[in-house]
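Read through the structure below, which is laid out as structure tokens, and then see the notes.
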Amino acid sequence: MKIYVKNMFSQRAISLLKEELDRRNMRYKSIEVGEINFKDEISLKEIYNLDLALYQCNLSLIFNNTKIVTDIRNVILDMVSQCVGPETNIAAQLTGKLGYNYAYLNMYFTLETGLSIEKYYNEKSVEKMSYSNPQHQY
């Protein structure tokens with residue numbers, strides 16, 4: 001897994017990053033200016049905590065977290081297929097099933113897809129209604 005690091009322009013920044021990764025027992029293959037190549041998959045929680053720690057050093061993580069986006073999509077598609085209505089709290093469903101803060105999930109989902117989670121949910125709901133009720137198509 002590769003993650004990019006914003007503001008990592010110096011050997012000092014690389015040293016700070018290595019220290020933080022070692023402190024957290026996060027195994028990496030290589031660290032170069034602007035990127036970390038991890039040996040193993042790392043959880044969103046580990047990434048989130050690392051990002052918080054690096055923020056103190058004026059560094060931040062940039063990455064395409066396709067796994068969490070895929071997990072969010074799967075939960076939403078399950079909700080839509082089970083006809084979970086809009087009165088259901090989408091944030092509570094995602095937080096409960098994925099175990100992460102909704103604002104955090106929404107931030108990464110929006111960065112990756114260009115859509116907020118709620119907009120994606122609404123689009124998928126409309127698609128399902130269109131397919132299940134062909135007489136309502138325009």
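The values are calculated or read from the model by the stated rules, or taken from the named source; none is laboratory data. As the structure is a prediction and not an experimental result, all values here were calculated from the model. Ideal geometry is used to build each Cβ from the backbone, glycine not excepted, and the neighbour counts take in all protein chains shown.
Examine the stretch 42-52 for a residue that is at negative phi, basic (Lys, Arg) and either in contact with a Lys or Arg (Cβ under 6 Å, 6 or more places away or on another chain) or modelled with pLDDT of 85 or more (or both), and state whether such a residue exists. I'd like the intermediate steps shown before the answer.
Narrowing the stretch 42-52 to residues at negative phi: 42-52.
So of that shortlist, the ones also basic (Lys, Arg) come out as 45.
Going one step further and asking which of them are either in contact with a Lys or Arg (Cβ under 6 Å, 6 or more places away or on another chain) or modelled with pLDDT of 85 or more (or both), we end up with none.
Checking the stretch 42-52: not a single residue is at negative phi, basic (Lys, Arg) and either in contact with a Lys or Arg (Cβ under 6 Å, 6 or more places away or on another chain) or modelled with pLDDT of 85 or more (or both).
With the structure loaded, tell me whether Val69 is surrounded by 13 or more Cβ atoms within 10 Å (Cβ to Cβ) and in contact with a helix residue (DSSP H, G or I) (Cβ under 6 Å, 6 or more places away or on another chain) or whether it fails that test. Steps first, answer last, please.
Working: surrounded by 13 or more Cβ atoms within 10 Å (Cβ to Cβ): yes; in contact with a helix residue (DSSP H, G or I) (Cβ under 6 Å, 6 or more places away or on another chain): yes.
Yes; evaluated as a whole, the condition is true for this residue.
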* Please verify whether the stretch 20-34 includes one or more residues that are of a type in the set (Val, Ile, Thr), surrounded by fewer than 13 Cβ atoms within 10 Å (Cβ to Cβ) and outside the structural domain of Asn101 (by TED's automatic domain parsing). => yes
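Restricting the search to the stretch 35-52, which residues are surrounded by 17 or more Cβ atoms within 10 Å (Cβ to Cβ) and not charged (D, E, K, R)? Write out each step before concluding.
First, the residues of the stretch 35-52 that are surrounded by 17 or more Cβ atoms within 10 Å (Cβ to Cβ): 36, 38, 42, 44, 47, 50-51.
Result: Ile36, Phe38, Ile42, Leu44, Ile47, Leu50.
Taking Ile90, is it out of contact with any Gly (no Cβ under 7 Å at 6 or more places or on another chain), of a type outside the set (Gly, Ala, Ser) and within 15 Å of Leu44 (Cβ to Cβ)? Spell out the reasoning first.
Details: out of contact with any Gly (no Cβ under 7 Å at 6 or more places or on another chain): yes; of a type outside the set (Gly, Ala, Ser): yes; within 15 Å of Leu44 (Cβ to Cβ): no.
When the stated conditions are applied, Ile90 does not pass them.
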* Pair list, Cβ < 9 Å and 6+ apart or interchain, from the stretch 32-59 residues that are over 15 Å from Met1 (Cβ atoms) to residues that are in a loop (DSSP other than H, G, I, E, B) and modelled with pLDDT of 85 or more -> Asn49/Arg24; Ala53/Arg24
